[in-house]
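All remarks here apply to the structure that follows.
The values are calculated or read from the model by the stated rules, or taken from the named source; none is laboratory data. Small disclaimer: the values here were computed from a predicted structure and weren't measured. Cβ placement follows ideal geometry from the backbone for every residue including glycine, while neighbour counts extend to all protein chains displayed. Ligands, DNA and RNA are excluded from the accessible area calculation, which covers all protein heavy atoms including side chains. Shrake-Rupley method; radii C 1.70, N 1.55, O 1.52, S 1.80 Å.
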Amino acid sequence: MFIHILNLKKSYQSGVVTTEVLKGIEMKLEKGGIGVILGPSGSGKSTLMNIIGGIDRGDSGSVVVDGIEVNQLDDNKLTTYRREQIGFVFQFYNLVPSLTVSENIEVVSHISHSPLNMDEVLEAVGIKDKKHRFPRELSGGEQQRVSIARAIIKNPKLLLCDEPTGALDYSTSRSILQLLQQVNEKYGTTILMITHNTAIAAMADRVFKLRSGEIVAESVNQIPVPAERIEW
Amino acid sequence: MILIKKVLRTIWTDKAPYLGSMFLIAFSCMLMVMMNLVSKNLNNTYSAYKSNHVMSDVEVYLDTELDMADMKKRFNVKIEQSGVTDYSSKDGQILRIFSFNTQINTPAVSSGKKLESGEILLDKLYAKKNGYEIGDIVQIAGKKYKYAGDMTLPNYIYVAKSKDEVIRDPKNFGLAVVDKDDFESIPNATPFYAIKFNNSNNLKAQETAMKGYLREKGTKIIKWENTEKNYSVSYVLVKINLMGKLSIVAPSMILLLTCVLTGILMWRLLNRESVIIGTLYAQGYRKKELMRHYLVFPLIVAGMGAMIGTIAGVFMINFLYNFMLTTFPMPKEPIVYDLGILMFSLLLPVVILCVSTIIVVNRMFKIRPSQLMKGNKKNDKANFIERKLRLDKFKFVTKFQIREQVRSLSRTIFLLFGIIVATMFLQYGLTMKSSVDYLLNEGISKLYHLKYEYVFNEYKRGAPPKGTEQFNTMYAIMDDEAETNFYITGLPKNSTRILLNDLKGNKLTPDKVIITTPLAKKMGLTIGDTIRFYNFEDGKKYSITIEEIADTYGGEFIFMPLSELNAMLDLPSDTYIGIFSDVEMTFAKKEIKTTKSMDAIKAGFHSLIDQMGIMIYSLTISAFVIGLVIIYLVTGLVVDEHKGTISLFKVLGYKKKEINKLILNSNIFTVIIGYILGVPLLVGSVDVMYQALAESLPMVIPAKLNIWYILLGFVIVMLTFELAKLMSRKKINRIAMSDALKSGTE
Ligand SMILES: Nc1ncnc2c1ncn2[C@@H]1O[C@H](COP(=O)(O)OP(=O)(O)OP(=O)(O)O)[C@@H](O)[C@H]1O
Ligand SMILES: [Mg+2]
């Protein structure tokens, strides 16, 4: 198993109130698979993903990613873990506005051991001709492509996408999903994606439904649907 | 309004920039108020002293008695005959004794009692240093006097022995006053007349008329001394003027720069509030309400800062004022608090910061609220430089650092401005010190190669004593309004005692007419100019043409060949009036007119500077503190404005060190450039200040900054920057990764 989570718990303390956000998550995902996490707002999706990505830490339970017990790592090791294993794609792209497209990608390639070829990645995400543009000179979809390029340039083992299409329109969303699927196929990257949109679940190998910090349903797609055929 | 709570919370959560600004403002206000009010009060004190104790306009030494009644009638003046003598006791102490005047230059007696016969008044420091208690007996020329109290003299405020030895040495030199009848019995007294013109307008013309009348009558004027130009009074004036100008120029500049700086800071801080402003605006808050709300920021920061600073300044006045009065003893006047200055100090910061706030908030109102809510970032285009930059060849770190500087040009300029200001503050005191060092080392030491100068009462002829070098002088007075005066010194053509260089650094031998730089500057002369002047001794007119300018700040002189000077004065060519010597020599007392020791002169310079010292050093330290705070504030601002990027980099797996390097070091070039620009700007402005002071200073000071001080300043600025970086590092560590995940702005 590539991702293996056992009885993961997490609660937040604000003042005297303790909110239990994750109440014993169990989750598995195979290497090279695409997992989708569905769930209403506030159900703990981002919290879960942040723990998997080494941004946050669970209170108890175990989170194993490719043999690494993530929940046990100290801050320095977590940094190394994020740096070497994980690619992030965010809802709002989070590009550095002062840097050009290629420089934004370099933010990551600069610190990775064996990054992929820049032009190849730019080609793959379809923005090769825009490498000298600044983020604000790009559309939302193009910016998200840059953000994906930035995430995959280091050839991560795991790509974490928190609502990657949340800020995009229908057709752009579809092309982004297509791109993610291509990345998955081409580089064999395991992808875990959060979404509100149940239709998107069709493209996943595995779908996890989260409600109030618990996985209430888990389903396996034997034959995932190609992204271009998904409609909503 | 509930929003007031929000203001306080914003200030509290982001303490550093707000408190830092407040501190800067408070500090500058304190300096401003303190220096200005002390200078004002000193001025008042001096004026009050001058009029209450009827300071003379001139003191005149004549070869005959003056018909005072006739003069009073003729010239509308007050005249009082007075006398002075130097009484030296066995151990070399000199007590300069004056007769007790009742009309002009009346002593300010601390006890307030009238002086009885057989009593003596002393200057306080002398009495203290020599252990005299009131009631003690002071022996003068075999006669016993009872020490009855302390006094100060309006015509002798700065108690130093002579113009050349301006060091104050109360152990060995002091002033005394005795009753007129008692004074008669003291031997070797020189009588003089203290004169005060009743009409204080056009003094020069009145003096000229009086001089003319006396000459016409055949009275020889031995000395005509303008009281306010006499060193013992003029130093006080210089000091007051200097302080007045310094207190207006330096602290006002500091205050103004501080206000501009904090104004910009306020601007940037409020810019961050754009999302909130947009949201509130969209929800129906009126512009007026929002403006009122955001004006609370500058009102708190500037208002509190100015208030604290002004009050602190008012408390400090007494301390500085008393200190000044020990150096320049004058009867203390009640302190006057100039309302204008207090108001200025209270209002200037508030006004500038409020204006800055109004502009920035108004600018935001011009943007649609929807845009504001998104952070007002998306619409600004890549600027020209950004677009043109192709950085493919550089390493990523360099690329990032350059991009960051170029992206936010306004921030870079702000940082640059901050560093320039900080540099100027830091270097301010060092430049002053450097200038004086230059004056002493390059000026005096390089010019004079001698230890003693002896001037005789009578001309001598022939060869000077072995091991010495002879010279002749003439005291020249320009025939102009300012009555500029200077010595023309005749030197042997192969002089080894006075060494001169021209402006290019080549050696000059005194076989030409050479003017020193300060005198040339003062009179606006260049090579080839001819000046006309008269000889103070006999009033005859002469003229000479300047042939060279010497690059020295050692004094205001014209040097020329001894033989030519003698020819000009109609004297045999081997005549001399004085000698330069390396060893101390003894002459019969009546043979010698003056003795100068170079060491004493240098010590005098130092002491003069030391008196300015407390002011210079306190300004320097203040400037240093201000510089440090500025650099810290600006660096902190850079970190704050990079919050999103820092958070993102953390998520992406950057290590702390790497982030520090990327974010904090990107400013290093700006800091260096700021420093490089700051130094000449400072030297330039100090030069302007010195020039403004040139009239009131006894010497022309070149604005110089020693190369070592430049390096030292650089090290200090860099260390300060490192310190600020260190403090900012904590701030970087505190930034949470979740910041990047939540918002899409930057
Ligand atoms: N730092 C925090 N401190 C306290 N509570 C938090 C914190 N972060 C998240 N929470 C709480 O945890 C719960 C889950 O948050 P999470 O961001 O994981 O939800 P989500 O499923 O991603 O929602 P959305 O779809 O809106 O993004 C929420 O109720 C939230 O209030
Ligand atoms: Mg979420």
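See the values below:
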quantity	calculated
In degrees, nearest ten, helix B:231-271 long axis to first principal axis of chain B (Cα)	0 degrees
Centre separation in Å (Cα based) which lies between region B:215-294 and region A:1-68	60 Å
Residues with amide H under 5 Å from that of B:Thr552, placed H, sequence gap 5 or more	B:Thr517
Residues along region A:125-149 losing 40 Å² or more of accessible surface when the other protein chains are present rather than the chain by itself (probe 1.4 Å)	A:His132, A:Phe134, A:Arg136, A:Glu137
Per residue accessible area in Å² of region B:270-327, where ligands, DNA and RNA are left out and the probe is 1.4 Å	48 Å²
Accessible surface of region B:452-583, 1.4 Å probe, proportion on carbon and sulfur as whole %	48 percent
Drop in accessible area of at least 10 Å² in the complex versus isolated chain, residues of region A:50-75, 1.4 Å probe	A:Asn50, A:Ile55
Estimated vicinal HN-Hα couplings, Hz - region B:438-452 in sequence order (Karplus 6.51, -1.76, 1.60; Gly, Pro = x)	4, 4, 6, 7, 6, x, 5, 5, 7, 7, 9, 10, 7, 10, 9
Where region A:3-229 is the region considered: accessible area per residue in Å², 1.4 Å probe	39 Å²
Of all accessible heavy-atom area on region B:156-225, the percent that carbon and sulfur account for (1.4 Å)	46 percent
Ratio Rg/Rh, restricted to the protein assembly as shown and using Cα atoms, in which Rh is the Kirkwood radius	1.17
For region B:452-583, share of DSSP beta bridges that run antiparallel, in % to the nearest 5	80 percent
Listed residues A:Cys161, B:Cys354 arranged by accessible area, highest first, probe 1.4 Å	B:Cys354, A:Cys161
Kirkwood-based Rg to Rh ratio, region B:452-583, C-alpha trace	0.95
DSSP-assigned coil residues among GluC sites (Glu not before Pro) in region B:13-118, each with at most 10 further Cβ atoms within 10 Å	B:Glu65, B:Glu116
Cα-only Debye scattering, chain B: base-10 log of I(q)/I(0) at q = 0.07, 0.08, 0.10 Å⁻¹	-0.67, -0.81, -1.06
Carbon/sulfur fraction of accessible area - chain A, other protein chains in place, 1.4 Å, %	45 percent
Cα long-axis angle, helix A:170-187 against chain A (0 to 90 degrees, to the nearest 10)	80 degrees
Shielded residues, region B:653-667 - accessible-area loss of 40 Å² or more between chain alone and all protein chains, probe 1.4 Å	B:Gly653, B:Tyr654, B:Lys655
Listed pairs B:Lys73/B:Lys196; B:Lys144/B:Lys180; A:Lys130/B:Lys650 exceeding 18 Å between Cα atoms	A:Lys130/B:Lys650
Sequence-separation-based contact order of chain B, relative, with Cα cut under 8 Å and 6+ spacing, percent	16 percent
Folded to 0 to 90 degrees: helix B:396-407 orientation relative to chain B principal axis, Cα	80 degrees
Percent of beta bridges antiparallel (DSSP, chain B, rounded to nearest 5)	80 percent
Pairs beyond 18 Å (Cα-Cα), from A:Lys45/B:Lys731; B:Lys657/B:Lys731; A:Lys9/B:Lys643; B:Lys460/B:Lys602	A:Lys45/B:Lys731; A:Lys9/B:Lys643; B:Lys460/B:Lys602
Sparse-neighbourhood loop sites, trypsin sites (Lys or Arg not before Pro) in region B:10-106 - DSSP loop, at most 15 other Cβ within 10 angstrom	B:Lys90
Global form of region B:301-427, assessed from the alpha-carbon gyration tensor, a/c cut-off 1.5	oblate
Buried accessible area, chains B and A (both chains, 1.4 Å probe, Å² to nearest 100)	2800 Å²
Given B:Lys504/B:Lys704; B:Lys72/B:Lys220; B:Lys72/B:Lys332; A:Lys77/B:Lys661, the pairs whose alpha carbons are separated by over 22 Å	B:Lys72/B:Lys332
Reach of B:Lys288 by Cα under 24 Å, taken over lysines that are not fewer than 8 positions away in the same chain	B:Lys5, B:Lys6, B:Lys366, B:Lys374
Residues of type aspartates and glutamates that B:Lys171 reaches as a straight line, Cα spacing below 12 Å, ignoring anything fewer than 8 places off in the same chain	B:Asp91, B:Asp123
Reach of B:Lys656 by Cα under 15 Å, taken over aspartates and glutamates that are not fewer than 8 positions away in the same chain	A:Asp74, A:Asp75
Exposure ranking of B:Phe75, A:Phe88 by accessible area [1.4 Å probe, largest first]	B:Phe75, A:Phe88
DSSP-defined beta bridges in chain A - what % are antiparallel, rounded to 5	55 percent
